[in-house]
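The values are calculated or read from the model by the stated rules, or taken from the named source; none is laboratory data. Everything quoted here is computed from the prediction, not taken from an experiment. For neighbour counting, all protein chains shown are included, and Cβ atoms are generated from backbone atoms with ideal geometry for every residue, glycine included. With ligands, DNA and RNA removed, areas are computed over all heavy atoms of the protein, side chains included. Shrake-Rupley method; radii C 1.70, N 1.55, O 1.52, S 1.80 Å.
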Amino acid sequence: MDKMSSPSPVPAASSSRIFKNFGFLVFGKLFADSFMFIYFVLIARSFGQVGIGHYSFAMGLTGLFAVFADSGLNKLSIKEMSCLKSGVMAHYSQVLSLRLVLCLLAIISILLVTWVVSFPRELVIIIWLIGTYQVLTTLVDGFGAIFVSREQMHITSLLDMSQRIFTALLGVSIIFCGGGLILTIAALPLMSLVHAGIGYVLAVRYYGYLGLWTRLYELTSLLSKAFPYGLHSFLEQLLIRLPVILLGILIGTAAAGIFNTSHRIILLLTCMAMFAPLSLFPAASKHYVESKARLKDLYHRSVNSTILVALPAAAGLWLISSDLIDVVYGQGFEESAHVLEILAWMLIAGPLKGMFEVFLTAADRQSEIAKGYFWTSCASIPIFLFAIHHFGAIGAASVMLSMETILACIFLIRLSMVLGIPRVGKRMVISSIGVCAFLIPLPWAESDIGLWQTIGTASLIYLGVMLSFRDIRQGEGRFLMGIMRDTKLALFRSSFCNRK
């Protein structure tokens, strides 16, 4: 495609266009994350608790510096560039200049931390490599933000998929060739550097020259506008990464590995769950302006549907925790199963929290979300310190579950002032009956029928119980069928428009 000095205005997106763009991002992230999960699992199997512990601790520690390297610029640039009819690259030149300065400061900070704190030599090298990878990834995401703002999500998705897939393939190849832990992890910064270059080339090819700005007052003004986004991201990441960091410092990186092997499974499952509330966000925002009655109806239906899926998912994961850890990570990670038994219940708190966040944002209550994260983060630090010191990884898992539940309750209270208390009593009872239907008999037969048979049997029992209730068939059943019908219609329209 020829260069363009300035892009043409972005037309108003139709529902089919939104669906298609959303589909690109969802598919790309899920597909790429599955490769990175395999890479993570092979590190755990090949290098044991210490190896995966070093990896997990370094990821947790340097992830906070990566948030600083971004400082909310990604979300801010998408928001502002999506409103521009021209001059996109002129705007992003300013963003890139500030981002490069922040990346340099982040890398220097990581080096200073490893110089001040006495870490083992191997761990220091791993922290450098993973820190460089996470900082460079913010550059890749920044170039991807240009295409997101112009509704070219397929390019962003392909760039993200390419980075993660080729990183995982290179790392897995090194493991199979007998390479050590440091060489395996070196695949991370190498591929992120390559894809930062690819992102730059794509941005220049599609939208023209990309220079650098040196006006200090403009950079400080940009940083000031991005600060609220960056603060939210930092507090959210702090809650996720704090237990791994504290476990590594207080007990050792092996304990961090024990925790993170279980937490990684939860992150993978909740990553899939987060797409449901995101898909509701446009409709919720529209209903907030046009019809509060429709917004309340969508709110109640969405929360009820979340409960019907999240409760059996959490109970089922608790049931198979021990066998799942053994199948995924192999011998030597028995302690992780006890951590997973606790974290499994985050599959209820996490999706509900995400659903409440979406409706709060649609109702222009973003400040309530930021306040909730702030106070929860402040309270979590001393509680994590106490729990980890006395109970180790089990204590960290218990506190993380408690914090996620507290956040969900805070958002629910704030949202109830706008939309009322969700009517979930009947669905809670029905879902609990379905859970008991498989949770009572299956533990006795689990060792005889195996992991996958247990999952299939539990799913069939729960589905059968749900369909036996007329309220479910006429309520959530029709609701889900309507979503499927709209999805097929959007796909058909998208395909028809592409052929024309």
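Scanning the stretch 58-69 for any residue that is modelled with pLDDT of 90 or more, open to solvent by less than 20 Å² (accessible area, probe 1.4 Å) and either over 14 Å from Leu129 (Cβ atoms) or hydrophobic (A, V, I, L, M, F, W, C) (or both) turns up at least one such residue. Thr220 fulfils the conditions (1) over 30 Å from Tyr55 (Cβ atoms); (2) open to solvent by 70 Å² or more (accessible area, probe 1.4 Å); (3) under 26 Å from the mean Cα position of the chain (by Cα) except for a single criterion, (3). Checking the structure you have, find out if any residue of the stretch 457-466 is at pLDDT 80 or above and open to solvent by 80 Å² or more (accessible area, probe 1.4 Å). Yes. Against the test of being out of contact with any Leu (no Cβ under 7 Å at 6 or more places or on another chain), closer than 18 Å to Gln237 by Cβ and surrounded by fewer than 18 Cβ atoms within 10 Å (Cβ to Cβ), the options Ile406, Ile440 yield a single qualifying residue, Ile406. Under the condition of being polar (S, T, N, Q) and at pLDDT 85 or above, the residues counted in the stretch 338-384 number 2. Counting residues in the stretch 329-339 that are in contact (Cβ under 8 Å) with a residue 40 or more places away in the chain, surrounded by 22 or more Cβ atoms within 10 Å (Cβ to Cβ) and among the aromatic types (Phe, Trp, Tyr) gives one or more. For the stretch 244-268, the set of residues classified as of a type outside the set (Val, Ile, Thr), touching a Gly at 6+ places or on another chain (Cβ under 8 Å) and in a helix (DSSP H, G or I) consists of Leu247, Gly248, Ala254, Ala255, Ala256, Gly257, Asn260, listed by residue number. Inspect the stretch 109-127 for any residue being of a type in the set (Val, Ile, Thr), touching a Cys at 6+ places or on another chain (Cβ under 7 Å) and assigned to a helix (DSSP H, G or I) and give the result as yes or no. No, the stretch 109-127 has no match at all. Within the set Thr167, Thr156, the sole residue that is within 20 Å of Lys75 (Cβ to Cβ) and touching a helix residue (DSSP H, G or I) at 6+ places or on another chain (Cβ under 7 Å) turns out to be Thr156. Scan the stretch 86-120 residue by residue and report those that are farther than 20 Å from Gly211 by Cα, modelled with pLDDT of 90 or more and open to solvent by 30 Å² or more (accessible area, probe 1.4 Å). Scanning the stretch 86-120 gives Leu105, Ile107, Ile108, Ser109, Leu111, Leu112, Val113, Trp115. Residues in the stretch 409-430 that are open to solvent by less than 70 Å² (accessible area, probe 1.4 Å) and in contact (Cβ under 8 Å) with a residue 24 or more places away in the chain: Ile410, Phe411, Leu412, Leu415, Val418, Leu419, Gly420, Pro422, Val424, Arg427, Ile430.
Determine whether Ser377 is under 24 Å from Trp318 (Cβ atoms), open to solvent by less than 60 Å² (accessible area, probe 1.4 Å) and of a type in the set (Ser, Thr, Tyr). In short, no. Can we say Tyr299 is at pLDDT below 85 and at negative phi? For Tyr299, the condition - at pLDDT below 85 and at negative phi - is met. Return the pairs, sorted by first residue and then second, in which the second residue is part of a helix (DSSP H, G or I) and among the acidic types (Asp, Glu), the first residue lies in the stretch 170-188 and is over 20 Å from Ala32 (Cβ atoms), the beta carbons are less than 7 Å apart, and the residues are 6+ apart or on different chains. These pairs meet every condition: Ile182/Glu122. The residue list Glu341, Glu368 contains one member that is assigned to a helix (DSSP H, G or I) and over 30 Å from Leu460 (Cβ atoms), which is Glu368.
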